[in-house]
1. I'm trying to understand the selection: among the residues of the stretch 128-175, which are within 16 Å of Glu193 (Cβ to Cβ), polar (S, T, N, Q) and surrounded by 20 or more Cβ atoms within 10 Å (Cβ to Cβ)?
2. Of all the residues that make up the stretch 92-106, how many are assigned to a loop (DSSP other than H, G, I, E, B) and free of Cβ contacts under 8 Å to residues at least 12 places away in the same chain?
3. Which condition from (1) within 16 Å of Gln6 (Cβ to Cβ); (2) charged (D, E, K, R); (3) in contact with a helix residue (DSSP H, G or I) (Cβ under 6 Å, 6 or more places away or on another chain) is the one that Lys34 breaks?
4. Do we find that Asn246 is outside any strand (DSSP E or B), farther than 20 Å from Gly25 by Cα, among the polar types (S, T, N, Q) and modelled with pLDDT of 95 or more in this structure?
5. Test each condition in (1) closer than 25 Å to Glu220 by Cα; (2) of a type in the set (Gly, Ala, Ser); (3) assigned to a loop (DSSP other than H, G, I, E, B) for Gly109 and report the one that comes out false.
6. Can you confirm whether the stretch 104-119 contains a residue that is at pLDDT 95 or above, in contact with a helix residue (DSSP H, G or I) (Cβ under 7 Å, 6 or more places away or on another chain), over 27 Å from Lys70 (Cβ atoms) and of a type in the set (A, V, I, L, M, F, W, C)?
7. Are any residues in the stretch 130-146 touching a residue at least 40 places away in the same chain (Cβ under 8 Å), closer than 21 Å to Ala204 by Cβ and more than 12 Å from the chain's Cα centre (by Cα), and if so, which ones?
Amino acid sequence: MIDVGQGDSTLIITPNNKTILIDGGGSEYYDIGKNTLLPYLLDMGISRLNYMVISHFDSDHVNGLLTILKELQVENIIIGKQYEKTQQYNQFLEIIYNNQLNIKQVSSGDRINVEKDVSIDILFPTKKLISTNPLNNNSIVAKLRYKQFDMLFTGDIEEIAENQLLDLYSNTNILKSTILKVAHHGSKTSSSEKFINIVSPKFAVIGVGENNKFGHPNQEVIKRLQNKKIKIYRTDLNGEITIVLNNKRTDKKHKYQNKLPKLVNTNRKSI
């Protein structure tokens, strides 16, 4: 989980060195893509992304990606159906058109097979979009699967979308995940107790800026997680959060292993 201040951005590197970038942060004060995200990726030795997933077109999730789309090779771009078009979405379409990039629109039930043992299941949104705060509530909710590990990415969904997810996947273990990417930066509008109970994560990660003007993460959300004995990692307190799933590889040494980004203020945390 990359420290992009008040925003979300997660880089996934698979055992076979496939790269997946989920969201890219964004700031009203400076260009996150140019000043943070692009230098970070280049410092990691990454000049090409196999997949870019845009959870939704809110500025603090997508603005940084607009620079990446111009500067790096991106093989596959994953988005959801849009209820309304934002300025960021129009900018995105212009870049896609000018560079003839490959884009795929997904909805619940779709699966992205990245490589052997690695896939991304799209759990939300459905084809019937939510009209209440549609930008946040129609965020892509995706579950990364790798062998017995799974991580749930929730974009900026709020309780109304959480309730729809609970209805969609009732009496199943589909939402249950090892790690929860806490929705909407820990806002009080998300992470209901019922939703946390069903996901039942061991760890929770929150992308959030230090001393942000929104008061994220909400202390009630933090208490709900703590009451369930869920270990919390936050980019405002921990900097970059690194999750290492398997140090023993059957292939040659991972080319990105032990690379510490020089241009991001970070304390790496291994779970």
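The values are calculated or read from the model by the stated rules, or taken from the named source; none is laboratory data. Remember, it's a predicted structure, so these values are computed and weren't measured experimentally. Virtual Cβ from ideal backbone geometry, glycine too; neighbours counted across all protein chains shown.
1. Thr154 - this is the single residue of the stretch 128-175 that is within 16 Å of Glu193 (Cβ to Cβ), polar (S, T, N, Q) and surrounded by 20 or more Cβ atoms within 10 Å (Cβ to Cβ).
2. So the answer is 1.
3. For Lys34, the failing item is (1).
4. Spelling it out, it is not the case that Asn246 is outside any strand (DSSP E or B), farther than 20 Å from Gly25 by Cα, among the polar types (S, T, N, Q) and modelled with pLDDT of 95 or more.
5. (1)
6. Looking through the stretch 104-119, none of the residues is at pLDDT 95 or above, in contact with a helix residue (DSSP H, G or I) (Cβ under 7 Å, 6 or more places away or on another chain), over 27 Å from Lys70 (Cβ atoms) and of a type in the set (A, V, I, L, M, F, W, C).
7. Listed by number, the residues that qualify are Asn136, Tyr146.
Table: residues versus (1) more than 16 Å from Asp23 (Cβ to Cβ); (2) of a type in the set (A, V, I, L, M).
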{"residue": "Ser55", "(1), (2)": "no, no"}
{"residue": "Tyr97", "(1), (2)": "yes, no"}
{"residue": "Leu101", "(1), (2)": "yes, yes"}
{"residue": "Lys128", "(1), (2)": "yes, no"}
